[in-house]
1. Being buried (at least 22 other Cβ atoms within 10 Å of the Cβ) and facing chain A (nearest Cβ under 7 Å) is the filter here; which residues of the range B:313-323 pass it?
2. If residue A:103 satisfies all but one of (1) part of a strand (DSSP E or B); (2) over 26 Å from residue B:380 (Cα atoms); (3) within 14 Å of another protein chain (Cβ to nearest Cβ), what's the number of the condition it fails?
3. Quick test of your reading of the structure: residue A:82 fulfils all but one of (1) more than 7 Å from chain B (Cβ to nearest Cβ); (2) touching a helix residue (DSSP H, G or I) at 6+ places or on another chain (Cβ under 6 Å). Name the failing condition by number.
4. Just to check your reading of the model, which residue among B:125, B:104, B:67 is at pLDDT 95 or above and under 18 Å from the mean Cα position of the chain (by Cα)?
5. Against the conditions (1) at pLDDT 95 or above; (2) closer than 30 Å to residue B:73 by Cα, where does residue B:468 fall short? Just the number, please.
6. Among the residues of the range B:473-490, is any within 14 Å of another protein chain (Cβ to nearest Cβ), more than 30 Å from residue B:345 (Cβ to Cβ) and either within 23 Å of the chain's Cα centre (by Cα) or crowded, with 21+ Cβ neighbours inside 10 Å (or both)?
7. Hey, residue A:269 hits all of (1) in a loop (DSSP other than H, G, I, E, B); (2) within 27 Å of the chain's Cα centre (by Cα) but one; which does it fall short on?
8. For the range A:165-174, how many residues are under 16 Å from residue A:131 (Cα atoms) and assigned to a strand (DSSP E or B)?
């Protein structure tokens, strides 16, 4: 019976130990203070209980040193909590160089994953142990949240935006993947498994099964199929600007101002092309809303990144 | 007040039998529905929010039964989502936020400052009618199928993807907000203009300081909730893109607006409770409160800093990393005044002469549960830990420790403490002590396992869950059934006492404070003569006898 009672979650990522250690510090502080308060309340309640109606309380109304002590001590202890929590958080805010990217789309009520190599999966994510990965995530509808308790990580996944989450798995195993931001009827079923594998097995897994085109190739095909190349040619002779080397570059806009050609700008330009038009061009591009899925957008992004000749550097 | 002052406000010896109290001032439904007496309005609120509490509680019972099994066999996912949404909406907007301010605040504020009524008695009655209108709309939307957005109404789910009665519910909450604004305004003006001679700000009972802080939040925060709900309605109804990125909006904007109100609202749901504890602890320890000024100003500090911490609900929502750092620091700062209060209450017990009457047992329970709720709040303010426990049962457990363990314990403690004054009757002490114990034990069994569940990673708002979480969920449900019994007990014996309880003297606890210097129940005009205050609050130096 007791062995069925889990008390502590599995830990399988590089940040997991740091989070757990901070958690233990918090538990220790909480235990000390609750023991102190409970102990004093119990002790006073019994020691100073009224034994006869003639009992008189000793009136002590304040003590500035005490007030200062119980302001400053909690302040110091919580300053430690802040700096500890913040340093872990900051250290984990930006993916280390060389992280491999995986693209994730959340939609009611499933997670769709695309590996750059072409393998796709639903409600599962296979990764090798010991390598950093960065998830680039967006939603097709409501807000979702990608939550892996064993990694001690979660990140909300928003429509119209790209959020990222990076991790490096440390333990081979099978771990829960949950959606932790309420997203409608089957919210509690929007989950699956993270499979952390030995690197060799992972390579085997990648090449196995119904492997589609690598994402950039799929993106290039989509680019042709949707007719993008009719206007966006490799020179600036077309009706639209050339997209060679565009990714991550600063773009001058019609009507003044600039923007960085990041994932969000590319998505916006596909779905709502009139919003930010490149200087010197007419707002004649039709919207592709409804004709392209979020996964398609990711493939186009992968294709545009490949035009720049880089695979890992992303501007957010 | 000293003994001579007490004698001064005793009723004239002429016709003592015919002196009417506020309960006998008129009979029939009309005399209640058209009353402008703050005490009767307090009872109108008491009846309405008690009703809402048990409706919200019934939703919780169904949820807990559903969670007995991992697959959630009692209700469908649609129904479950509506249950937790309605539970949250009703408990927060129609019970917790109005609870102590509108019932105990309305009843006690004029009595505690020696006034005849609040500054705007008719506005006070209007506030109740506005509240009832909003509550009715909420209940109607529940009966006609309910809402499944969660009480947080997060966009774009609420504006675009939910097919439930979002509009009716949002309008209900919107309307009820005006009741809060008017009540807050009324209380602030009353405290500024109607204090009895000699009742300086620093002689006021601490309950009034907490009520003042609460009123500030009502007046400054609630309009932002109204704006957010209005914007939500405009997007849902007219398709104007404010929050949905497909229409050019920003979903995170809604979260900023929503939490700008709803985090301060969390302090509305605890500050008045702290005020009650500051009354009860000195009375049953027969001691002046320790550190009056620190307790008073900590209420104000909580109200002010509480407006600057909303972003701690959004550490993983995609807000800037630097914003998260700032909100984390501020969240730690707002914890300090709460800690100061707990330490001062504990120090008040030192060298007191303590009795274990029911209100004191509830106050002990409050201190314990609030301490645990506050300490677990520190976990959530720690950025890296919050990333893990955000939107899990850890958060559920934390805020129930504050709002149910804290506020509901304080509400029940306050109701028992002032029940002789409100009803003119004494409740059965044995049953009442038992209820305090049952509530405390049931509460801990319900919510402590949820801390463990949360760190294990069980997300909130889950109709079904992985089987390894079952034992902890069963424990929680078992606790909830005990807690339910604990809440039903006071309902029964307090109603019983209204008819069969022995008549209460004017000051059964030998407490200080102007409200105890007038008969129980008080006459409609509260005091025969305007009382004069000549000393600090909680002057428990000399023992006094029942009047």
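1. Initially, the range B:313-323 is screened for residues buried (at least 22 other Cβ atoms within 10 Å of the Cβ), giving B:313, B:315-317.
Correct list: B:316, B:317.
2. (3)
3. Unmet condition: (1).
4. On the way: B:125 fails: under 18 Å from the mean Cα position of the chain (by Cα); B:67 fails: under 18 Å from the mean Cα position of the chain (by Cα).
It is B:104.
5. (1)
6. Checking the range B:473-490: at least one residue is within 14 Å of another protein chain (Cβ to nearest Cβ), more than 30 Å from residue B:345 (Cβ to Cβ) and either within 23 Å of the chain's Cα centre (by Cα) or crowded, with 21+ Cβ neighbours inside 10 Å (or both).
7. (1)
8. In the first step, residues of the range A:165-174 are kept if they are under 16 Å from residue A:131 (Cα atoms); the result is A:165-173.
Now narrow it down to the ones that are assigned to a strand (DSSP E or B): A:165-169, A:173.
So the count comes out to 6.
The values are calculated or read from the model by the stated rules, or taken from the named source; none is laboratory data. Quick caveat, the model's predicted, so the values are computed rather than measured. Glycine gets a Cβ as well: all are built from the backbone with ideal geometry, and neighbour counts include every protein chain shown.
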